[in-house]
Amino acid sequence: MEKGTVDMHGRAETIHRPLAPAGKPARRAMPVHVAIIMDGNGRWAQQRGLPRTEGHRAGVRALKTTVKAAARMGIRYLTVYAFSTENWHRPRLEVGALMSLLVETLERETPELRAEGVRIHGIGNVEGLPRPVRERLAWAEAETAGQTRLVLNLALNYGGRDELVRAVNRWRQAEGAEGRPLTEAVLARYLDTAGQPDPDLLIRASGEERLSNFLLWQLAYTEIYVTGTLWPDFGDADLERAVDAYMRRERRFGGIG
Ligand code: FPP
């Protein structure tokens with residue numbers, strides 16, 4: 001990794017030497033921000049005759065592996081969809097198990113994540129989460145506030161539409177009364193991801209080809225990579241494959257390249 005710079009869209013880009021050997025076409029830079037829809041925990045468990053909650057536990061293990069791999073690879077932002085605004089419709093027992101798993105995981109993993117240079121940041125409608133989750137999340141954010149190697153955005157009670165509504169309401173409360181028109185740049189400052197570059201790459205596990213209300217604003221020009229791997233089986237090699245595929249793509253942002 002050589003240096004950080006800013007691309008034509010004003011986003012932070014980290015410049016890497018092309019990994020392709022001489023004679024092969026040069027590839028684009030590493031993604032700075034990777035977003036992941038961690039899907040397939042339930043099917044993974046079902047295939048093994050286990051309760052769905054065991055799939056979520058295995059999903060946490062895959063997440064830990066992925067965070068470490070992302071940090072090693074030089075990815076600076078990782079945003080993972082851990083619980084959506086729609087996930088409340090799941091059976092009460094599964095929702096409860098997921099909330100307990102969140103508390104337990106934050107409690108257990110935060111010290112190691114901090115030692116790895118990871119900063120934890122919750123995105124989503126955090127106020128709507130049960131108090132133990134809110135408290136553990138606030139604690140994890142405070143514990144890791146000084147870390148700069150990788151920002152780990154945990155999307156909790158997150159919905160893209162909900163985030164946009166909350167952003168507009170925050171803007172209206174803060175400055176709407178002044179009657180200034182809302183612009184894209186101003187709205188971006190009120191999103192949960194304010195100050196962060198948009199994801200370069202979205203990975204969706206388990207073969208589904210949908211956005212599922214994830215980062216609707218931020219994914220406008222994101223490259224999408226779908227893998228059939230169920231999330232609990234996702235590992236270093238899968239992340240490397242996704243990044244490699246991304247680095248071979250041409251991004252035109254609506255231009256002609
Ligand atoms: C989707 O699989 C997965 C979820 C709704 C939960 C993802 C959560 C984790 C991996 C735990 C995260 C924990 C922390 C601490 C961030 P699914 O249940 O929809 O699987 P299916 O489509 O096979 O049923």
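Laboratory data are not the source of any read-out in this text; all were calculated from the coordinates shown. Keep in mind that what you see is a predicted model, and the values were worked out from it rather than measured. Neighbour counts run over all protein chains shown; Cβ positions are idealised from the backbone, glycine included.
Can you give the calculated 222 nm mean residue ellipticity of the chain, where each DSSP H run of n ≥ 4 adds -39,500 (n - 2.57) and the sum is split over every residue, rounded to the nearest 500 deg cm²/dmol? All intermediate terms of the calculation are to be shown ahead of the outcome.
Working: 7 runs with 98 residues, N = 257.
Calculated from helices alone, the mean residue ellipticity at 222 nm is -12500 deg cm²/dmol.
Considering the zone a paramagnetic label at V95 would reach in this model (a point 7 Å from Cα along the Cα-to-Cβ line), which residues of the stretch 129-151 have amide N under 14 Å from it?
Taking a point 7 Å out along Cα→Cβ of V95, the residues of the stretch 129-151 whose backbone N falls under 14 Å are 129-131.
For the chain, just run the numbers: alpha carbon Rg, then divide by 2.2 N^0.38 Å, N being how many residues it has. Working shown, then result.
Working: Rg = 18.6 Å, N = 257, 2.2 N^0.38 = 18.1 Å.
Rounded to two decimals, the normalised Rg is 1.02.
Positive end of the dipole of the stretch 186-235, charges at C-beta (+1 Lys, Arg; -1 Asp, Glu), about the Cα centre: which of F214, A194, F234 has its Cα farthest in that direction?
So the residue furthest toward the plus end is A194.
What percent does the relative contact order of the chain come to when contacts are Cα pairs within less than 8 Å and at least six residues apart? Please list the in-between numbers first.
Numbers: 408 pairs, mean separation 63.8, N = 257.
Rounded, it is 25 percent for the chain.
To the nearest Å, what is the center-to-center distance of the stretch 57-106 and the stretch 159-186, using C-alpha atoms only?
28 Å
What distance in nm separates the two pseudo spin-label positions at E175 and L211, each 7 Å out from Cα along the beta-carbon direction?
Calculated label separation equals 2.5 nm.
Go through the stretch 194-235 and name the GluC sites (Glu not before Pro) that are in a DSSP coil and have 10 or fewer other Cβ atoms within 10 Å of their Cβ.
On the way: sites: E208, E209, E223; in loops: E208, E209.
For GluC sites (Glu not before Pro) across the stretch 194-235 that sit outside H, G, I, E and B with at most 10 neighbouring Cβ atoms in 10 Å, the list reads E209.
Using a simple charge model, +1 on the beta-carbon of Lys and Arg, -1 on the beta-carbon of Asp and Glu, nothing else, what dipole does the stretch 169-257 show about its Cα centre, in debye to the nearest 20?
Numbers: 11 positive and 15 negative charges, 82 e Å.
That gives a dipole near 400 debye.
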